[in-house]
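The values are calculated or read from the model by the stated rules, or taken from the named source; none is laboratory data. Since the structure is predicted, the reported quantities are computational estimates derived from the model, not experimental observations. Here the Cβ positions follow ideal geometry from the backbone for every residue, glycine too, while neighbour counts run over all protein chains shown. Quick note on the areas: whole protein, heavy atoms, side chains included, nothing else; ligands and nucleic acids left out. Shrake-Rupley method; radii C 1.70, N 1.55, O 1.52, S 1.80 Å.
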Amino acid sequence: MKDKHMIKRLFHYAKPYTLQFIVIIIMMFISTAADLAKPIIIGTSVDLFVDGYKEPFKQVELSEAQVELDGVGYTRDYETADYLTKLVNFDDNYYLINNVAYADMEIMLNATSAELTAMLSLNANGEVVADLDGGYYTGSVLSSEQLTQFRAVEFTLLIRYGVMFLGVIITSFIFVYMQTILLQRVGQKIIKQIRLDIYTKMLDLPARYFHTNPVGALVTRVTNDTESLNEMYTTVITNLFKHGLFVIGILIVMFTINAKITLYVVAVLPFVVIATLIFKYFSKKAYRMSRNYLTEINIFLSEHLMGMKFIQIFNREQKTMDKMTAANEKLYRSGLRELYAFMIYRPSLFAASNLTVALVLLIGSREVLAGAVTVGTIVIMISYVKDFFNPIEQLAELFNILQSALSAAEKIFSVLDEENEIVTGDETIVSDEFKGEIEFKNVWFAYKDEDWILKDVSFKIKAGQKVAFVGATGAGKTSILTLISRYYDIQKGQILIDGKDIREFDIESLRSQIGQVLQDVFMFTGNIERNIRLGRLNISDEQVEEAAQMVYANSFIEKLPNKYKHEVIEGGATLSTGERQLLSFARAVAYDPKIFILDEATSNIDTETEAVIQKALYKMMEGRTTIMVAHRLATIQHSDNIIVLNKGELKEMGTHQELLSKKGIYYNLYELALQHQVLD
């Protein structure tokens with residue numbers, strides 16, 4: 001699956017939250033603008049502190065003055081003045097030159113530091129003399145107290161800039177905080193939906209899919225892989241936009257401030273881009289390997305933890321440990337590959353950043369000495385250069401997260417795109433009208449290609465009949481049971497229930513009428529009551545207890561400390577095999593289906609318990625179609641019909657006595673059962 005296609009599908013999940021993302025982007029614009037303003041405020045403050053004295057003053061009435069010196073008032077509002085006053089720094093002293101004509105003041109303001117110094121000299125009285133194309137002006141030296149009075153104007157402005165800088169920081173913090181909260185909420189909602197979609201899809205997939213895909217891999221899809229996508233939605237999408245916007249904003253502002261210095265910075269970019277592309281290539285491979293090896297370990301752990309009993313029984317601990325060590329080593333080495341990629345890339349970017357800063361200082365210092373730029377401008381440029389490489393580094397890391405997310409998305413979409421050959425029908429079964437008559441017409445079935453499990457099988461089970469299937473292992477008995485519930489679909493022929501093809505029925509509606517008791521019983525974490533009810537709230541507590549009493553499960557439930565509230569751990573490990581089997585009977589009875597399927601349902605119950613449960617079984621079977629696969633004679637010999645299968649073909653059919661009189665396959669199985677007390 002191509003990355004572009006996956007990204008498009010991932011964006012589809014974000015589409016319902018378009019308005020929220022627009023709000024987030026607007027907040028990003030504001031926070032980015034605030035971040036871009038910080039260096040400008042700092043640089044302006046530096047210029048104000050270093051060169052603020054160079055701005056001229058105008059003499060005004062004392063009531064309008066910002067500065068008072070020897071009874072004369074001064075203010076910076078000089079735009080309408082014919083004569084101005086200026087502070088100059090010469091020979092390590094500050095001098096105050098009064099009554100400079102506006103035109104001559106412009107000459108002084110436009111001159112570079114070197115040019116202005118050339119215009120100044122000292123006379124015999126220790127006064128500074130300014131020679132401006134024939135216009136001569138003198139100025140007296142200022143004491144430190146007098147200089148402080150004039151510089152107090154800049155101090156007031158510095159306080160304003162400080163307040164402004166604080167305002168920018170607060171603005172940036174507020175909007176970054178708000179966008180982070182909103183983004184996390186949206187991201188969690190998207191991931192919640194994806195997680196539900198995956199699990200919903202898994203619930204709909206046929207049994208074939210779960211036979212060919214390890215449980216550990218499927219668990220990884222729902223947990224680890226969705227979390228990788230969470231990072232993409234909450235980090236990658238918005239930060240790609242944010243950092244990209246910030247980089248563009250920095251370049252625009254830098255070009256506006258000083259194009260010459262900015263061009264030197266831009267000249268470094270090709271090397272950074274090449275390093276980033278190389279890093280992206282190797283990190284992509286490393287991330288995908290890590291993701292695959294993580295899935296392998298999850299599969300290994302799921303399988304071996306479930307089979308730990310057998311590992312210990314057959315003394316395979318060391319062999320299992322060797323396999324785990326090998327899988328862990330692969331994951332470790334793939335993690336090192338990711339680390340190596342960062343170890344090369346990050347220092348390279350750090351070196352490029354510092355070299356660029358040094359380049360700006362070198363060029364900028366020359367420009368400052370030449371009077372072309374101010375110290376504050378260099379401060380601004382250095383701040384932007386440092387900020388310029390940080391988002392580039394972040395963008396590279398975001399590409400890593402994106403690669404991890406795309407690798408996870410590929411696996412997630414492989415589940416979501418899995419085709420389900422079991423297509424549900426439209427017809428809903430009305431329970432009161434449903435009878436449970438089953439008919440197989442020339443059914444052919446294979447799990448794979450044309451390796452036929454059932455070959456042209458035809459039979460009819462009337463509503464309310466008790467029918468048993470017998471035959472050697474691999475004859476196709478269990479396959480017939482799975483086909484009735486549509487866990488698989490047949491390749492040829494037709495299966496009818498109440499005269500209608502089962503493919504016409506809604507699958508959920510069909511299965512609600514079929515109660516199954518299997519040889520391998522699974523218990524869920526919870527209590528006894530919940531395991532009988534299985535989430536169906538319309539089954540009352542009284543019905544749960546009645547179902548347990550009917551199958552004599554109450555005989556052991558009543559002895560438990562908390563009875564029906566007794567906690568059951570995963571798999572029902574604290575219960576015996578027989579107790580779990582009794583609970584499965586109670587579970588089937590509580591659902592009150594019209595069709596019962598018993599697949600070796602009494603194989604794990606001792607002979608004494610079986611004798612007791614036979615009475616319950618007969619009561620359960622009243623008015624219901626019952627299909628059984630069993631190896632015990634007591635379970636099947638009173639069936640209305642016994643169907644004998646051999647290598648996927650229907651060989652014999654009739655009652656127990658009828659089949660014995662034929663002295664065929666069933667007779668041989670019966671004789672063998674008498675010898676071994678097992679009918680297989």
Task: Peptides ranked, highest mean first, by Cβ atoms within 10 Å: ranges 162-168, 590-596 - done: 590-596, 162-168
- [ ] Using Cα centres only, tell me the gap between the stretch 25-47 and the stretch 130-186 in whole Å.
- [x] 14
Task: Probe 1.4 Å, all protein chains present, accessible-area order of Val215, Val176, largest first - done: Val215, Val176
TODO: Lys and Arg at +1, Asp and Glu at -1: add these up for the other residues within a Cβ distance under 11 Å of Trp452 and post the number.
DONE: -1
- [ ] State, to one decimal in nm, how far the label point of Leu157 lies from the label point of Lys500, with both points 7 Å from Cα in the Cβ direction.
- [x] 8.7
TODO: Report the FRET efficiency, 1/(1 + (r/R0)^6), for Val273 and Arg76, where r is their Cβ-Cβ distance and R0 is 45 Å, rounded to 0.05.
DONE: 0.45
Open item on the list: Using a Förster radius of 51 Å, what is the FRET efficiency between Arg536 and Lys323 based on their Cβ-Cβ separation? Nearest 0.05, please.
Closed with: 0.80
TODO: Name the residue farthest towards the positive end of the dipole of the chain from the options Val544, Thr238, Ile190, assuming +1 on Cβ of Lys and Arg, -1 on Cβ of Asp and Glu, about the Cα centre.
DONE: Val544
Task: Angle between the chain longest axis and helix 375-416 axis [Cα atoms, degrees, rounded to 10] - done: 10
TODO: Using every pair of alpha-carbon atoms in the stretch 167-300, split the distances into 10 Å bins beginning at 0 and state the percent of pairs per bin, rounded to integers.
DONE: 10, 23, 27, 22, 12, 6, 1
TODO: Would you work out what percent of the accessible area of the chain, with all protein chains in place, is carbon or sulfur (probe 1.4 Å)?
DONE: 57
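Using alpha-carbon pairs under 8 Å, 6+ residues apart, how would you state the relative contact order of the chain in percent?
About 12 percent, as a whole number.
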Task: In degrees, nearest ten, helix 541-550 long axis to first principal axis of the chain (Cα) - done: 40
Task: Average projection area in nm² (convex hull over Cα atoms of the chain, one quarter of hull surface) - done: 46.4
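Residues of the chain: accessible area per residue at 1.4 Å, in Å²?
For the chain, the per-residue accessible area is 52 Å².
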TODO: Select from Gly464, Asn562, Tyr487 the residue farthest towards the positive end of the dipole of the stretch 416-566; place +1 on Cβ of Lys and Arg, -1 on Cβ of Asp and Glu, and compute about the Cα centre.
DONE: Asn562
TODO: Run the dipole for the chain about the Cα centre, Lys and Arg Cβ at +1, Asp and Glu Cβ at -1, nothing else charged, and hand back the magnitude in debye, nearest 20.
DONE: 2800
Task: Spatial separation of Cα centroids for the stretch 190-227 and the stretch 427-504, in angstrom - done: 29
